[in-house]
1. So for the stretch 98-116 (the condition being without any contact (Cβ under 8 Å) to a residue 40 or more places away in the chain and not in a helix (DSSP H, G or I)), does at least one residue qualify?
2. Which pairs do you get when a residue that is within 26 Å of Arg77 (Cβ to Cβ), found in the stretch 432-448, comes within reach of a residue that is aromatic (Phe, Trp, Tyr) and open to solvent by 10 Å² or more (accessible area, probe 1.4 Å), reach meaning Cβ atoms under 6 angstrom, with the pair 6+ apart or on two chains?
3. Looking at (1) open to solvent by less than 10 Å² (accessible area, probe 1.4 Å); (2) among the hydrophobic types (A, V, I, L, M, F, W, C); (3) away from the ligand (no atom under 11 Å from the Cβ), which one does Ala336 not meet, given that it meets all the others?
4. Out of all the residues in the stretch 265-285, which are more than 10 Å from the ligand (Cβ to nearest atom) and open to solvent by 10 Å² or more (accessible area, probe 1.4 Å)?
5. Answer with yes or no whether Ala140 is in a helix (DSSP H, G or I), open to solvent by 10 Å² or more (accessible area, probe 1.4 Å) and farther than 21 Å from Cys397 by Cα.
6. Limited to the stretch 87-102, what total is found for residues that are more than 11 Å from the ligand (Cβ to nearest atom) and open to solvent by 10 Å² or more (accessible area, probe 1.4 Å)?
7. When you go through Glu208, Glu214 one by one, which is the residue that is modelled with pLDDT of 90 or more and open to solvent by 90 Å² or more (accessible area, probe 1.4 Å)?
8. Looking for something among the aromatic types (Phe, Trp, Tyr), farther than 30 Å from Thr73 by Cα and more than 16 Å from the ligand (Cβ to nearest atom) - is there at least one such residue anywhere in the stretch 164-177?
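The values are calculated or read from the model by the stated rules, or taken from the named source; none is laboratory data. None of these values were measured; they are calculated from a predicted model. Neighbour counts run over all protein chains shown; Cβ positions are idealised from the backbone, glycine included. Please note that ligands, DNA and RNA were not included when accessible areas were found on the heavy atoms of the full protein model with its side chains. Shrake-Rupley method; radii C 1.70, N 1.55, O 1.52, S 1.80 Å.
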Amino acid sequence: MGFNVGNSILSIQSKALPITQGRLLDFPDDPFACMRRLYQAHGEIAALEEGGHRLIFVFGPRYTQQVLSDSKTFHSRFFALRGPKNSAQRRLTSGLLTMNGEEHKRHRRMVFEPFQKKSIEKYRDALAVLVEQMLQEWKAGQVRNIARDMTQYMLRVTSSVLFGFDIPELAFEIGRMTERWVGMNHELGMGAFISDPGITGAYSNLLELAEKLEAQIRTMIAHRRASSTVGNDVLSLLIRARDESGTGMTDAELIGQAAVLFGAAHLTTANTLTWTLFLLAQHPEVASGLFDELTGVLGGEAPTLEQLEQLPLLDRVIKESMRVLPASCYSQRINAQPVQLGPFHLTGMTPIIFSQLISHRLPDLCSQPEHFLPERWSTLTPSPYAYFPFAAGPRMCLGATLAQMTLRITLPVIWQRFRLQVMSGASINAKVRSTMLFPTSGMPMLVSPISVPFSSSNVTGNIHELVELPETARSITALARAA
Ligand code: HEM
């Protein structure tokens, strides 16, 4: 595997600058293929240009640091299509991911409190109960789509821990709509950027979907407001949050923050859980070492907060999984003022993409980057701009501590309870959609009791382009483990 230069991007290279003339829509069509071609052609900074429009890409720590640490110059523009004033689309896109400057700082301070470590620790018990409830439905001998299970589980976690209610149907509905809405925003955002006339009809569909999604989020907020108990969930804390001048959030602001939190939380964490379970299942030695660590420290139970500090292999597995198959693959900034970025002098508002998916597999970060090798993390200490699954700098993921805790409670309970084996011959495919890495054809896994040996399976699909998997099915027997 390597970064092969394909030919779908028309390669008329500029002599002076690292620019590839090509089709801008190649990027949203297949972000991984497009970015690796650009990296292969130009290295750590490159531009894709069509008809005078330019997208800049930065790979690796040098320029990623410049872009992520200078939030004054490089603004976030997660949602390009803000919709008309007073529209649902405008309110839904008004969350943290869209804000910049003082407004971003003020809101980040207000939203921060529920995400501090001491607030997050209160959710440990709720997580342990929710994972237990999920596993009650799992029976040995079943073939389960683990991707769907993880998404539904995360919708329950998000709705109860973040929003203080547990109406699964509403959570699933909001989850489905959020996923579609975020996806449409990304597709149309690019169309708008290159003035594609095809987007007009789709734009009105987006506005319609935004209205429906907003109505559901309003129901969720109303449900929380109507509750007689003072909740410790994130939404209750946001409803009560005040800035330094004692001002709280308006309903419109609350809707924007709630939409971002709902979307940012459940899909990223669900995909990380799915990819980690897949990687474990395909690497029996790691899987069995993890099982031994977990049962040795936890004895079959969910970790307590103290025990979370005693699971080094679990930490390495999660770090490595988020390196090789990062849930968040890339994101975008736009320069709000003229700036020199490497060889480019950017005057107007130019979109700049930074990418975990490419940066995490550069040879400067580690050897054999396409292999899943958790042990490398016993010595690997990269800069926060070389390895950045949650981004870095002043806009680093606000939910990183919550996501980490969710992963570190959920995975041990599953891993101590059942053996999971990917169905032999299954087609496993990964696609970047709306900046996230989705398992697009599900994750069919056989659920077995823990007496069954660990064994990997031969799978097909484009997953082999992203990670080097053991070639033949391998099995670690209980005997071999004992030895
Ligand atoms: C494994 C799970 C997660 C991953 C990989 C992840 C990744 C990221 C990344 C890369 C960013 C930066 C995006 C950018 O700058 O354009 C981000 C921002 C953000 N994330 Fe997460 N995230 C995860 C879970 C969560 C959770 C659980 C929450 C909330 C409950 C959350 C809330 C946010 C918020 C509010 C921001 C915007 C921060 C700002 O702009 O100031 N994320 N996340």
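1. Yes, the stretch 98-116 contains a residue that is without any contact (Cβ under 8 Å) to a residue 40 or more places away in the chain and not in a helix (DSSP H, G or I).
2. Val432/Phe32; Thr435/Tyr330
3. With (1) open to solvent by less than 10 Å² (accessible area, probe 1.4 Å); (2) among the hydrophobic types (A, V, I, L, M, F, W, C); (3) away from the ligand (no atom under 11 Å from the Cβ) applied to Ala336, the lone miss is (1).
4. The answer is His283, Glu285.
5. On the way: in a helix (DSSP H, G or I): no; open to solvent by 10 Å² or more (accessible area, probe 1.4 Å): yes; farther than 21 Å from Cys397 by Cα: yes.
Considered against the rule, which asks whether it is in a helix (DSSP H, G or I), open to solvent by 10 Å² or more (accessible area, probe 1.4 Å) and farther than 21 Å from Cys397 by Cα, Ala140 comes out as no.
6. As a first pass, look at the stretch 87-102 and keep what is more than 11 Å from the ligand (Cβ to nearest atom): 87-94, 101-102.
Imposing the further condition that a residue be open to solvent by 10 Å² or more (accessible area, probe 1.4 Å) reduces the set to 87, 90-91, 94, 101-102.
Residues in the stretch 87-102 being more than 11 Å from the ligand (Cβ to nearest atom) and open to solvent by 10 Å² or more (accessible area, probe 1.4 Å): 6 in total.
7. On the way: Glu214 fails: open to solvent by 90 Å² or more (accessible area, probe 1.4 Å).
Going through Glu208, Glu214 in turn, just one is modelled with pLDDT of 90 or more and open to solvent by 90 Å² or more (accessible area, probe 1.4 Å): Glu208.
8. Let us first name the residues in the stretch 164-177 that are among the aromatic types (Phe, Trp, Tyr), namely 165, 172.
Applying the additional criterion that residues be farther than 30 Å from Thr73 by Cα yields 165, 172.
Filter again for more than 16 Å from the ligand (Cβ to nearest atom), leaving 172.
The answer is yes, given that some residue of the stretch 164-177 is among the aromatic types (Phe, Trp, Tyr), farther than 30 Å from Thr73 by Cα and more than 16 Å from the ligand (Cβ to nearest atom).
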